[in-house]
Amino acid sequence: MRQIERDELEPLATGAWILGTGGGGSPYLSYLNMRKLYADGIRVSLMDPADLADDALIAVVSNMGAPLVGQERLSDPAFAAKPVRMMEDYLGRRFTAVMSVEIGGGNAFQPLLVAAMTGLPVVDADAMGRAYPEAQMTSFAIADLPMFPLTLADIRDNEVIIARAASWKWMERISRKACTEVGSIAATCKAPRTGDEVKAHAILHTTTKAIDLGREVRRARHAHEDPVAATVAAGAGKHLFRGKIADVQRRATEGFLRGTAKIDGIDDDRGAGFEVAFQNEYAIGWRDGRVIVTTPDLICLLDSVSGEAIGTESLRYGQRVSVIALPAPPILRTPKGIAHVGPRAFGHDTDYISVFDAAEQSP
């Protein structure tokens, strides 16, 4: 176990925003919260999942809802910790540690906010290796682990406990409905996990991965190198397209931010067009009408100058963007993983199309 240093918070925000693939909520406000907490003398520890006892009890936390709403409601450490305390009261047990359901975007900071309020260590792991919008899109769901109970709280005085659900999709439907009713933003504590389950089925060392990725982007900026190229190199990714945003269509519906963005090519891609569709996160990309990249590969839109990630709620006409892809964790690329998080899971009638070599795919 080690302390997360203050100078790691900004790289974590940068790296997690890239891994968010457009979703997970902007980490900026949570980063400011953590910076203030560190200025007040609070420190958070990062725990290697290998050090978890098999019977340890881990809280799996997230902010749930539409990223657009998250821009309007400021993140709050006490709010983040509320459903964790609810879950402890419901179970009659105390947690050993806390982790995020997804490393992408602001949810990378959710366990840090909880840790700052509770003193629990943060496990260096998540259940996606990126961000996804729905409860069944996790490594825990792919492993058929239990999906209940779940606790949910809003900024008023509403608290919801879902004691049971028939399936992961039913848990998603019920919790999403509750989230929508309280304004499409809520703090949650997902089904508790044991140390053994985390070690066997989580995506490991992703907090460290996000910090390292963010550090490389910032190093490239300071060295006046191309931060987009640095991200591609650090993440073993591929550059797909460079252009400017020509049109954005989006709507907040059913607790999600859905839409499409069209990009006109510039530089080497002049004369070509790229379109990307999203449900909180970017899910599929077309070049000149042909599908060239799909989830579970990480589809990331970065500012072409700064290398900063651009969330689906932040897309604006005229932005100069670079579209890159990063490889997904192996569990997401298995046949069962693709059934949970592939393009058909988002309503797109196409098979998983990866920009990476077939030899890199899991069987």
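The values are calculated or read from the model by the stated rules, or taken from the named source; none is laboratory data. Just so we're clear, the structure is a prediction, and the values are computed from it rather than from any experiment. Side chains included, ligands, DNA and RNA excluded: accessible areas come from the protein's heavy atoms. Shrake-Rupley method; radii C 1.70, N 1.55, O 1.52, S 1.80 Å.
How about K238: which aspartates and glutamates have a C-alpha closer than 12 Å to its C-alpha, ignoring those fewer than 8 places off in the same chain?
D297, D357
Compute the distribution of all C-alpha to C-alpha distances in region 37-155, in bins of 5 Å from 0, and list the percent of pairs in each, rounded to whole numbers.
Going from the shortest bin to the longest, the percentages are 2, 11, 20, 25, 23, 13, 4, 1, 0.
Need the list of lysines near K36 for cross-linking: C-alpha distance under 23 angstrom, and skip anything on the same chain fewer than eight residues off.
K82
Between region 278-325 and region 185-201, what's the alpha-carbon centroid distance in Å?
A separation of 29 Å, based on Cα centres.
Normalized C-alpha radius of gyration of the chain, against 2.2 N^0.38 Å?
The reported ratio for this selection is 0.92.
For region 200-311, what does the convex hull of the Cα positions come to per residue, in cubic angstrom?
Dividing the Cα hull volume of region 200-311 by its residues yields 129 Å³.
When all protein chains stay in place, what accessible area (Å², nearest 10, 1.4 Å probe) is found for F148?
About 50 Å², rounded to the nearest 10.
With springs only between Cα atoms under 10 Å apart, run a GNM on the chain and tell me which of Q279, Q110, Q319 wobbles the most.
Of Q279, Q110, Q319, the most mobile in the Gaussian network model is Q319.
Quick one: compute the contact order of the chain, relative version, from alpha carbon pairs under 8 angstrom and 6+ residues apart, as a percent.
For the chain, the relative contact order is 20 percent.
Given Cα pairs under 8 Å that are at least 6 residues apart, what percent is the relative contact order of region 1-77?
45
Run the helix sum for the chain: -39,500 (n - 2.57) per DSSP H stretch of 4+ residues, divided by residue count, reported at 222 nm to the nearest 500 deg cm²/dmol.
-8500 deg cm²/dmol
Give the cross-link partners of K336 among the lysines, using a straight C-alpha distance below 19 Å as the criterion and excluding same-chain residues fewer than 8 apart.
Within the straight-line cut-off, K336 pairs with K169.
Counting only residues 5 or more places away or on other chains, whose amide H sits under 5 Å from the amide H of V44 once H atoms are built in the peptide plane?
Amide H neighbours of V44, under 5 Å, 5+ apart: I4.
Return one number: the angle in degrees, 0 to 90 and rounded to the nearest 10, between the long axis of the Cα atoms of helix 77-91 and the longest principal axis of the Cα atoms of the chain.
Roughly 50 degrees between the two axes.
Using a 1.4 Å probe on the protein chains only, how many percent of the accessible area of the chain belongs to carbon and sulfur?
50
Could you give me the percent of Cα pairs per 5 Å distance bin for region 188-229, shortest bin first, beginning at zero and ending with the bin that holds the maximum distance?
5, 19, 16, 14, 13, 9, 8, 11, 5
Could you state the angle between the C-alpha long axis of helix 168-181 and the longest principal axis of the C-alpha atoms of the chain, as a value from 0 to 90 degrees rounded to the nearest 10?
The two axes meet at around 90 degrees.
Using only the alpha-carbon atoms, how far is helix 9-19 inclined from the longest principal axis of the chain? Give it as 0 to 90 degrees, nearest 10.
Taking the Cα atoms of the chain, the angle to 9-19 is about 60 degrees.
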